[in-house]
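The values are calculated or read from the model by the stated rules, or taken from the named source; none is laboratory data. Here the structure is a predicted model, which is why all the values come from computation and not from measurement. All Cβ positions, even for glycine, are placed from backbone atoms using ideal geometry, and neighbour counts span all protein chains on display. Ligands, DNA and RNA are stripped out before the accessible areas are found, and what is left, the full protein with its side chains, is counted by its heavy atoms. Shrake-Rupley method; radii C 1.70, N 1.55, O 1.52, S 1.80 Å.
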Amino acid sequence: MRIERIKKEEVVLESDNIDLSLIDPIITKYKNVKGNMIPILQKTQETYGYIPRAAFNKLAKETDLKLSDMYGVASFYAQFRLHPVGKHIIKVCHGTACHVQNATAITDALVEELKVKDGETTPDNLFTLESVACLGCCSLAPVMMIGNDTFGKLTGKSAVDVIRKIRETETGTPCKN
Amino acid sequence: MENTKVIVGLGSCGLAAGAGKVYEKIKQLKENQNLQFELKKTSCIGMCFREPLVEIIDNNGSYIYGDVTEATATEILEKHIQNATPIKEYVVKTDLFVTKDKNFFEGQVKIALRNCGYMDPESIEEYQARNGYKSIEKISTQNISRTEVIQTVMDSGLRGRGGGGFSTGLKWRFANNNKSDIKYIICNADEGDPGAFMDRSVLEGDPHSVLEGMIIGAYAIEASEGWIYCRAEYPLAIKRLNIAMDQARKKGYLGKNIFGIEGFDFDIHIKEGAGAFVCGEETALIASIEGQRGMPRKRPPFPAASGLWRKPTNINNVETFANIPWIILNGATAFAKYGTEKSKGTKVFALTGKIKNGGLVEVPMGITIRDIVFKLGGGIINDKKFKAVQLGGPSGGCIPEYLADTIVDYDSVNATGAIMGSGGMVVMDETTCMVDMARFFLDFTKKESCGKCTFCRIGTQRMLEILTRITEGEGKESDIDTLIELSNQIKDSSLCGLGQTAPNPVLTTIKYFKDEYEAHIRDKKCPSKSCKALLTFEIIPDKCTGCMLCKKVCPVDAIDGERKLIHVIKQEMCIKCGMCFSKCKFEAITVR
């Protein structure tokens, strides 16, 4: 049920520093174009990493799209996020090929390393852990994708090593393990 | 070595395996040592299990090197380019001598994949050099009528390669018969099947053939606008399609009065999918392009009568379009020569799972599943026992080993309860639990059900609950009957293919592996030792050396024992994580 994607919303006050003018060019480009809703939402998400509530409101005011329609579409498709995400999104593939090659072990290892559950973001906002259906690199299963980089033939340990390396680069401090 | 070419495979699998680094290394070596060869890029040739691949073409012929690393790349350049001595043991494919992987290509017939891995996908000139855009030129110069084009496609026997298996020619005829000022042609590149990557490889490796297929289709049905609905998860495919479309526009292959055909105006747009499996269904896909939630609607009217923005629309899959130019150029008979009575031509399969040679194969219809798995695929990893193949993803089913001599064609596969599907073939060995497989697919369809039809929305949820319960040792004797009953209701009461086929993985596993369900339910045992909740870990006293390693790694302190004394697992505390089992150096722990 795609309805599960709608989480009970905690009252999160969005920081005031969302620069809404960033989506002005998107509005100009797509306003009144047939079938524009998904591209507008996609570009908005590219801008902020997710679709902020304030952006929904602005789009509803300045285009002919209805707020309810936009929310309906955004909550339907797996791609859209309604909450902020970490700097690096870890997409662990749980396609059939990865599943039979034990992708669960990869997610388990990452859950333990990052101390967050599937779908959550680390408190330092560095990583968001996600499960995806199939990345299409089945012959290298199990696979995960971080940004545009794909990592194949993983084990729990090698997946954790990749994360640690990124964390090292980001924080400049070598990991204790 | 003036005319030598060095070609690096840079498809998604290649890149994931490190082909990008290999390419940079070769480029750097070429510049630093001023080596004389032409460095080029290509895409996936299908040997994903040997990625990264580097092909060297010299005066003697072609040599494809597999498993290339930066280090072996250096060695290969030194020996093969500088000293003209190929390193035979690294070569995985060549016509010049026998390689250990030669069987992978034996029996393959490349039609849809005819250019994949043989040309630079970002070069329109290379596509043209391989008969690219010759088919549409043939239509133009020989003045072949729309009806004749449709007849050729009908005669070829080509059936929809996305899984439906409907006659492509017939589909075109319907769209052609519906008169309208505007008509659309759509390429379905929303390859949502987990475990399938045929379309990605075609788009990455040969985007122009898909464009040409669409142009021919547009001509046949008089469409003026085309859409490619591509998964956003395939960034490289989208990039290469965009490059290909720009090149085609510059050459005047897209635009007004194209190929000198008066009044034939046609252009193509790309629509990035936003992640919903149900959008592989025609009417849901159309809703998605229109910018709505991708929910299917009732048919009729079929898209051929009223599709995108209520105009006649024709939708075909990537692989179907890739076949079209070849059929037009070589004729219907050449295509229909391959295959069986009702399934003509070839089919591309993505071979994955517990198979040695995982990758992409294109085989004539009529080959047996066993031949694909053992001859081309090289058999099962670690030579374990072959148990089943899963065909058709979440809509398909599992075909057991004893039916592996089933031939690959639409009707024979359907007779087993599975479906041909788009071509994902996941191979399973004795360690794969079939109940868990069924649970995995139901978990997928439950998440992907759009929620429109009650039986699909709630039925898949209930089936998943039952399957989860069984894998956790809480199964009830009546569960199998309940599953079958729910399955039939979901099949009967769902509007679209997603719901109508969602129970297939459950029904086929019950049909062929009922004993496994019963073992889970009655004996609370998982015969494949895969369902963790049903496992018991025990220490074999004779083998335990008292090294204390298992005790140390146990996360819940469920192991008792002192140094040099036999250890014991306290079953009531054990969480079955398997850490002790994987760490023990003396094979002193058994799983039952």
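Computed values, structure above
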| read-out | value |
| --- | --- |
| Chain A: angle of helix A:103-114 to the longest principal axis, Cα-based, in degrees nearest 10 | 80 degrees |
| Summed buried accessible surface, chains B and A, 1.4 Å probe, nearest 100 Å² | 3400 Å² |
| Surface share of carbon and sulfur [accessible, 1.4 angstrom probe, percent] for the protein assembly as shown | 50 percent |
| Cross-link reach list, lysines versus B:K21, counting only Cα pairs under 19 Å and skipping chain neighbours closer than eight places | A:K153, A:K165, B:K5, B:K30, B:K40, B:K41 |
| Distance from segment B:305-364 to segment B:126-168 (C-alpha centre basis), Å | 12 Å |
| Heavy-atom accessible area order for B:L329, B:L308, largest first, 1.4 Å probe | B:L329, B:L308 |
| Average beta-carbon neighbours from other chains, 10 Å sphere, peptide B:194-207 | 3 |
| Global form of segment B:494-556, assessed from the alpha-carbon gyration tensor, a/c cut-off 1.5 | prolate |
| Prolate/oblate/rounded call for chain B, Cα gyration tensor, a/c under 1.5 rounded | oblate |
| Cα gyration tensor category, rounded, prolate or oblate, for the protein assembly as shown with a/c compared to 1.5 | rounded |
| Set of lysines with alpha-carbon distance to B:K525 below 25 Å, sequence-local pairs under 8 removed | B:K354, B:K384, B:K385, B:K387, B:K476, B:K511, B:K514, B:K543, B:K570, B:K576, B:K583 |
| With DNA, RNA and ligands ignored, accessible area of B:K179 (1.4 Å probe; Å², nearest 10) | 150 Å² |
| Partner chain coverage, peptide B:291-297 - average Cβ within 10 angstrom | 5 |
| Centre separation in Å (Cα based) which lies between segment B:42-113 and segment A:34-75 | 49 Å |
| Charged-residue dipole, Cβ positions (Lys, Arg, Asp, Glu), segment B:124-336 about Cα centre, Debye nearest 20 | 480 debye |
| Sparse-neighbourhood loop sites, trypsin sites (Lys or Arg not before Pro) in segment A:64-127 - DSSP loop, at most 15 other Cβ within 10 angstrom | A:K66, A:K87, A:K115, A:K117 |
| Accessible-area value, B:E75, 1.4 Å probe, nucleic acids and ligands omitted, Å² | 60 Å² |
| Test item: A:87-100 mean partner chain Cβ contacts at 10 Å | 6 |
| Listed pairs B:K256/B:K311; B:K375/B:K491; B:K171/B:K251; A:K115/A:K157 exceeding 24 Å between Cα atoms | B:K375/B:K491; B:K171/B:K251 |
| Accessible area of B:I56 in the full protein assembly, 1.4 Å probe (Å², nearest 10) | 0 Å² |
| Debye intensity ratio I(q)/I(0), log10, chain A, q values 0.08, 0.12, 0.17, 0.20 Å⁻¹ (C-alpha model) | -0.30, -0.66, -1.10, -1.29 |
| DSSP beta bridge pairing in the protein assembly as shown, given as percent antiparallel to the nearest 5 | 60 percent |
| Nearest-20 debye value, chain A charge dipole, Cβ charges on Lys, Arg, Asp, Glu | 360 debye |
| Accessible area (Å², per residue) of chain B, counting only protein heavy atoms and a probe of 1.4 Å | 39 Å² |
| Under the Karplus curve 6.51 cos²θ - 1.76 cosθ + 1.60, θ = phi - 60°, whole-Hz ³J(HN,Hα) for segment B:93-105, x wherever Gly or Pro sits | 8, 6, 8, 8, 8, 7, 10, 5, 9, 4, 4, 4, 9 |
| Size of electric dipole in chain B: Cβ of Lys, Arg +1 and of Asp, Glu -1, about Cα centre, debye, nearest 20 | 620 debye |
